[in-house]
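Below: the structure, in structure tokens.
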Amino acid sequence: MSEQEYIEDLVVKFLLGEANPEEIKEVETWCAQSSANQKYLEDTKLIIEKSQLPSSAEFDPEKAWSKVGPKLRDTRKEVRSIISLWKIAASLILVAVVAYLFYWYMAPGEEFVYLSENEVLTQTLPDQTEISLNRESEIKVDYNPRKKTGTIQLKGEATISIGKEKDIQWIVEAENLLIKDIGTVFNVKAYPEDQMIEVSVLEGAVQFYEKGEEGILLKAGEMGVYDKISKQYSKTQADTNVVSFKTRSFQFTEENLQEVVDLISEVYDQEIILSGPVGSCKVTVGFENEDMDTILEILSETMGLEIRKVGNQIILQGEGCF
């Protein structure tokens with residue numbers, strides 16, 4: 001007789017009241033070993049009750065086992081089948097969960113690299129976020145729609161307009177600084193050779209900070225400046241012409257002519273030189289996507305300047321303010 005058959009016989013004797021004290025103790029110890037053993041005892045008791053076996057006075061072990069044994073074995077097979085099915089199902093679920101977690105956390109997102117050299121470059125990302133790169137600028141984009149995250153590593157200057165759905169949490173990395181988007185349009189100027197990193201917010205807000213620090217919160221109309229040497233932040237009013245490199249639109253109010261000319265020279269990538277005592281003359285004027293020649297003609301007429309071209313230079317000659 002196998003151990004399993006011995007236990008089956010012992011349990012039947014226990015339930016029919018035919019077990020001696022030693023056998024009773026053995027059954028109790030066996031049931032205490034696991035909940036599965038206890039359940040087997042309870043299932044056997046239920047089967048015996050339904051089988052309406054004779055009382056102990058009429059008990060015939062062989063006859064009793066002939067009635068109960070097949071049912072117990074069928075029950076045991078059924079229980080084992082259910083357990084096996086549950087094990088298979090649990091294994092499949094575990095595999096699916098592991099695969100899902102691997103896909104979610106380990107699978108790489110999409111990567112894009114854009115480089116502008118001698119002209120402004122505008123690109124639209126899959127979530128409709130638009131990035132306009134100024135000349136001599138570069139970005140590397142890591143876009144992961146599953147994690148709903150995006151990182152933009154910037155060298156140079158870029159204007160970033162976040163997609164309307166705002167499904168992705170974007171963070172811009174400029175050297176050791178981070179700019180966290182809070183649903184905005186903003187401009188970042190971070191040329192490696194410059195001492196300052198500038199962030200100007202046109203719409204919404206951004207958090208401008210170094211990892212592990214709070215940094216500063218910038219709202220629409222504000223500009224944050226980080227000094228790489230002193231490692232200090234400052235906040236001021238944003239320049240209205242900060243995205244002129246993209247729009248080629250300008251608005252000057254009582255601005256020094258020298259600063260006006262410097263910006264136009266930068267945007268159109270053309271060397272323009274002021275000659276004569278006119279650099280401090282105040283200018284109030286606006287331009288909407290005009291070509292450079294038209295802008296210079298308007299300035300010359302407004303300020304009484306003479307335009308001369310010498311090689312690759314444009315010289316604006318004036319006698320003074322009027």
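The values are calculated or read from the model by the stated rules, or taken from the named source; none is laboratory data. All figures in this text were calculated on a predicted structure; none of them were measured in a lab. Please note: Cβ atoms are built from the backbone with ideal geometry, for glycine as well, and neighbour counts cover all protein chains shown.
Taking the stretch 289-310 on its own, how many of its residues are free of Cβ contacts under 8 Å to residues at least 40 places away in the same chain and either over 48 Å from the mean Cα position of the chain (by Cα) or more than 14 Å from ASP262 (Cβ to Cβ) (or both)?
15
Which pairs do you get when a residue that is over 30 Å from MET292 (Cα atoms), found in the stretch 228-252, comes within reach of a residue that is β-branched (Val, Ile, Thr), reach meaning Cβ atoms under 8 angstrom, with the pair 6+ apart or on two chains?
From the stretch 228-252, the pairs are LYS228/ILE197; TYR233/ILE216; TYR233/VAL225; SER234/VAL225; LYS235/ILE216; LYS235/VAL225.
Quick check on LYS211: is it surrounded by 13 or more Cβ atoms within 10 Å (Cβ to Cβ), of a type outside the set (A, V, I, L, M, F, W, C) and in the same structural domain as LEU178 (by TED's automatic domain parsing)?
Numbers: surrounded by 13 or more Cβ atoms within 10 Å (Cβ to Cβ): no; of a type outside the set (A, V, I, L, M, F, W, C): yes; in the same structural domain as LEU178 (by TED's automatic domain parsing): yes.
For LYS211, the condition - surrounded by 13 or more Cβ atoms within 10 Å (Cβ to Cβ), of a type outside the set (A, V, I, L, M, F, W, C) and in the same structural domain as LEU178 (by TED's automatic domain parsing) - is not met.
Of these, THR253, THR294, which one is loosely packed, with under 13 Cβ neighbours inside 10 Å, in a strand (DSSP E or B), not acidic (Asp, Glu) and not assigned by TED's automatic domain parsing to the domain that holds ILE197? Explain how you work it out, then say what you get.
On the way: THR294 fails: in a strand (DSSP E or B).
One residue alone meets the criteria, THR253.
Can you find a residue that is more than 16 Å from VAL172 (Cβ to Cβ), polar (S, T, N, Q) and either touching a strand residue (DSSP E or B) at 6+ places or on another chain (Cβ under 7 Å) or modelled with pLDDT of 95 or more (or both) anywhere in the stretch 118-129? Break it down stepwise before answering.
Filtering the stretch 118-129 down to residues more than 16 Å from VAL172 (Cβ to Cβ) leaves 118-122, 124, 126, 128.
Filter once more, so that each one left must be polar (S, T, N, Q): 118, 122, 124, 128.
Checking the rest, the ones that are also either touching a strand residue (DSSP E or B) at 6+ places or on another chain (Cβ under 7 Å) or modelled with pLDDT of 95 or more (or both) come to 122, 124.
Yes, the conditions are met somewhere in the stretch 118-129.
Could you say which residue among LEU274, LEU263 is outside any helix (DSSP H, G or I), of a type in the set (A, V, I, L, M, F, W, C), outside the structural domain of ASN134 (by TED's automatic domain parsing) and at negative phi?
Numbers: LEU263 fails: outside any helix (DSSP H, G or I).
After ruling out the rest, the residue left standing is LEU274.
Are any residues in the stretch 144-160 part of a strand (DSSP E or B) and farther than 23 Å from ASP194 by Cβ, and if so, which ones? Please lay out each step first, then the result.
Of the residues in the stretch 144-160, the ones part of a strand (DSSP E or B) are 144, 149-160.
Hits for the stretch 144-160 are ASN144, THR149, GLY150.
Being surrounded by 14 or more Cβ atoms within 10 Å (Cβ to Cβ) and under 28 Å from LEU218 (Cβ atoms) is the requirement here; does GLU259 meet it? Quick ask: steps written out before the conclusion?
Values: surrounded by 14 or more Cβ atoms within 10 Å (Cβ to Cβ): yes; under 28 Å from LEU218 (Cβ atoms): yes.
So GLU259 passes the test.
So THR149 clears everything in (1) at pLDDT 95 or above; (2) within 14 Å of the chain's Cα centre (by Cα) except one condition, right? Which one?
Result: THR149 fails condition (1) only.
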